[in-house]
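To keep things clear, I will list the structure first and then write my remarks on it.
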Amino acid sequence: MKHLAKSTVIEGVASTENRDIQGEVLDLDGADITPLLEGRGFVNSDHSGRFEHLVGRVLEAKKVNSMADCETSSQLKYFQHYKKPFLWTKLELWDGHGHKEADAISSIYNFYKDRNEDSPIKLSVEGKTLERGPGGSLKRTLIRGVALTVHPANRTTRTDVVGLVKTAGANEALVKSEGHVVPVFFERRESSVDKLFDLVVQAKTLIEMLKK
């Protein structure tokens, strides 16, 4: 059987409407995340755009403004923690394919996972400010990608490892899962807490349907 390389899949909160250490606040309503939604968003290491520091790609992105916007157990968990709008993303690292920097990042995640501790690696959005508002508000922005860093300007962001993608080659098949396209070899590490949140999401969805 052909060897299957593994890439780490992580998700997390790339930005919130909390004020960052530079005194700025990202207005999520005014943030254009089209590049992330269209598969044109990349992940870099510590805000470096050099090729060797590009360590992955953005698989999915979603603005979560309220509990009603939550589509997964993790999004609901994040919203219950922050209790304010945030930008959720799912990312795929290019580890397991000879990429030294991506492998190093994956090793850090595994180190903290083995110790059942939260990883110090956080997220930071990258792009362009199109319009500024009063009080340090970034009223309109274009988000082109995200950086993995241990020194984010917005200290409230976070990342979590959610599974692995086994890649067998360029012609790898894709399937639909929860309304999204994912590789057939995707392995999700689901805990009892995840299952509980899934039940909560299902109940919330049912309630919303009954209200209509």
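The values are calculated or read from the model by the stated rules, or taken from the named source; none is laboratory data. All figures in this text were calculated on a predicted structure; none of them were measured in a lab. Heads up, the Cβs are rebuilt from the backbone with ideal geometry, glycines too, and the neighbour counts pull from every protein chain shown.
Where strands (runs of 3 or more DSSP E) fall wholly inside segment 43-151, the ranges with 1 or more residues that are out of contact with any Asp or Glu (no Cβ under 9 Å at 6 or more places or on another chain) and within 21 Å of Ser7 (Cβ to Cβ) are 54-64, 86-93, 122-132. Among the numbered conditions (1) at pLDDT below 95; (2) closer than 24 Å to Ser15 by Cβ; (3) surrounded by 12 or more Cβ atoms within 10 Å (Cβ to Cβ), the only one that Glu178 does not meet is (3). If you go through segment 45-78 and keep only what is under 20 Å from Val161 (Cβ atoms), in contact with a Ser or Thr (Cβ under 9 Å, 6 or more places away or on another chain) and not acidic (Asp, Glu), you end up with Ser45, Leu54, Val55, Gly56, Val58, Leu59, Ala61, Lys62. Can you say whether Asp118 is touching a Phe, Trp or Tyr at 6+ places or on another chain (Cβ under 8 Å), among the acidic types (Asp, Glu), within 17 Å of Val162 (Cβ to Cβ) and in contact (Cβ under 8 Å) with a residue 12 or more places away in the chain, as far as the supplied structure shows? Judged against the criteria, Asp118 is a match.
The sole residue among Phe79, Phe86 that is aromatic (Phe, Trp, Tyr), in contact with a Leu (Cβ under 9 Å, 6 or more places away or on another chain) and surrounded by 21 or more Cβ atoms within 10 Å (Cβ to Cβ) is Phe86.
Restricting Leu36, Leu59, Leu28 to those that are in contact with a Lys or Arg (Cβ under 6 Å, 6 or more places away or on another chain) and under 16 Å from Thr141 (Cα atoms) reduces the list to Leu28.
Restricting segment 49-63 to residues that are more than 12 Å from the chain's Cα centre (by Cα) and touching a residue at least 12 places away in the same chain (Cβ under 8 Å), which is farthest from Pro85 (Cα to Cα)?
Quick first cut of segment 49-63, residues more than 12 Å from the chain's Cα centre (by Cα) only: 49-55.
If we keep only those that are touching a residue at least 12 places away in the same chain (Cβ under 8 Å) as well, we get 52-55.
On the way: Glu52: 33, His53: 29, Leu54: 28, Val55: 27 Å.
Only one residue tops the list, namely Glu52.
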